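Working notes for the structure below.
The values are calculated or read from the model by the stated rules, or taken from the named source; none is laboratory data. All of these numbers come straight from a predicted model, not from anything done at the bench. Every residue, glycine among them, receives a Cβ derived from its backbone with ideal geometry; neighbour counts consider all protein chains shown. Surface accessibility is based on the protein's heavy atoms, side chains included, excluding ligands, DNA and RNA. Shrake-Rupley method; radii C 1.70, N 1.55, O 1.52, S 1.80 Å.
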Amino acid sequence: MRNPPPWTFHAIPDQSERVAMVTGANSGIGYVTARELARRGAHVVLACRDPGRGRAALARMRDETGSARLELRRLDLGSLAAIREFAAGWDLGRLDLLVNNAGVAMVPYARTADGFESQFGVNHLGAFALTGLLLPHLLAAPDPRVVTVSSEGQRFARFDLDNLNAERRYRTAFAYVQSKRANLYFAVELQRRADAAGRKLRSMAVAPGLTRTNVLTGGANSGRGRVYATLTRLLVRAAFRPTPEGARTSLYAATEPDLPGGCYVVPDGVLQLCGEPTRRTRERAVRDTATAARLWQLSERLTGVTYALSTTATPLPGNGL
């Protein structure tokens, strides 16, 4: 029996009726994800922390796609006040697709503006707060999706609900994979709650595999010295695959018509490091409903954001469609 052909960006259906937002779209996987959505006709919002890098990415993306349906908005996932301001300023009405892509990886110990350990605060709590605050706009769309970028590294996390915020000891790699496990718990728990409320929303998590991005050398990692930067760049160039390959799982989850909510999309190769996008159904974390529910409750308490998922239609604030 012949294997199916590889999934490529050419398989993405027309996106001209969708409003999409991609966090961290100024570089790496986020950039490719936003660019390919725009190429298929979506109105794409690039939500970026650094305005200068965001403007450069926007100009480059317009040149590459020829699309005028691109815009840049500033978003700092390390500040709950900034996230609330961003969500309050949303004036495009419905939101068909939210890609929670932005994050930090393997950074030195630091705290966010609200006092959270930075990897947990940005990667999970920032995405949790943003999605919850934009939920009325998502629920106003006819077929809304939320795609949250986790990591193949989450499989190695020893998830400790009592040390998510580095209350005791901080270990860089431990904190990172734990925050990525939190992304997976969040994505599947959001689907469970949407299903229970009878809401037509699809939430899925993805792992990109080992991908060449600047996440290990940019941002908070940029001050770690020349030796670190040189060795890390050599490692990434030698062992990691090109950025467009890493964006395939995000774009597959965002656009594949029949993909069910609550699934986890990963590369199908060894250790999920490379390969074709596929659904992974035997992931233990996907079935761990108790931990996911406890994390949800903790996240609501820490962020002050609760999700309006009742079956009653939620009116759109501002300019609804």
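Key figures for this structure:
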quantity: Sparsely packed chymotrypsin sites (Phe, Trp or Tyr not before Pro) within the range 44-117, loop by DSSP, other Cβ within 10 Å at most 16; calculated: Tyr109
quantity: Net charge over other residues, Cβ less than 11 angstrom from the Cβ of Asp162 (K, R count +1; D, E count -1); calculated: 0
quantity: Heavy atoms of Arg55: accessible area, 1.4 Å probe, square angstrom to 10; calculated: 150 Å²
quantity: Listed peptides 173-180, 136-143, 280-287 by packing density, highest first (mean Cβ within 10 Å); calculated: 173-180, 136-143, 280-287
